[in-house]
Amino acid sequence: MTKAKLLATLAFVALPTFAAAEFEISGYTGTQGAPHSPVTMDDPNNGGLTSYTFGWEGKPFAMPPYYGFRGTWWRTDNLGFGIEYTHAKVYADEQSLNDTGYKRFELTDGINVLTANATYRWNDKFANGSVTPYVGGGLGFTFPHVDIEAATGPHTWEYQITGAAARLYAGAKYDINDTWAVFGEYQFTYSKQDIDLDNGGNVQFNLITNALNVGLSYTF
């Protein structure tokens, strides 16, 4: 299933859940990176079973850029539930490629984290109600676009559902008017990557991203 079809299906399933209430749609971009992580590789075209600590580059402003969308259904003045999609990416750095013999090792049409979220906000508490701090988190799954190629052997280049994912975020929103607002936040994501290679091999690692987001929200 392509990324577009998967997102459309999930949106269609979720729509009946979000009945008439205060609903907030948010979009964001920002800067995103990922710390080093251990990678276990069972690749018959590249040394069999090995392990190595990979360094990652996020390149959030290279095409396709880093971005995300969040929909929140506010059930009370303070508590909301919703869904969120984040398009982050990682490239194995040059040293990791040289040390492991890979030509390409990246998730660059998205790590693609999709979660169901819960968010708590402190509404109408600061700056006469114009500034609203919030915290939240979610659980879901990741469906990255895998782009892995060893010096010899096939090129794995496809979307896969690779494992569980989680996110945490904290920030503050500033109301421009009754419907529009701007916000800034810190966001952490975790995703489990269990990737099947086209040659029958497998790659496994846990991926963490850290991001500083800025965005725009519309409430109706």
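The values are calculated or read from the model by the stated rules, or taken from the named source; none is laboratory data. Bear in mind that the values here come from a model prediction, so they are computed numbers and not experimental data. Note that we place each Cβ from the backbone using ideal geometry, even for glycine, and neighbour counts take in every protein chain shown. Accessible surface is based on the protein model in full, side chains and every heavy atom, while ligands, DNA and RNA are left aside. Shrake-Rupley method; radii C 1.70, N 1.55, O 1.52, S 1.80 Å.
Structure above, values below:
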quantity	calculated
Carbon/sulfur fraction of accessible area - the chain, other protein chains in place, 1.4 Å, %	62 percent
Average accessible surface area per residue within the chain, 1.4 Å rolling probe, Å²	48 Å²
Contour minus Cα-Cα distance for T50 and Y120 (0.36 nm per residue)	20.9 nm
Listed peptides 101-111, 136-146 by packing density, highest first (mean Cβ within 10 Å)	136-146, 101-111
Relative packing of 47-59, 25-37, which averages over residues the other C-beta atoms within 10 Å, highest first	25-37, 47-59
CD proxy at 222 nm, helix term only [per DSSP H run n ≥ 4: -39500 (n - 2.57); per residue of the chain; nearest 500]	-2500 deg cm²/dmol
Listed residue pairs exceeding 31 Å between alpha carbons, taken from K59/K192; K103/K192; K59/K173; K125/K192	K125/K192
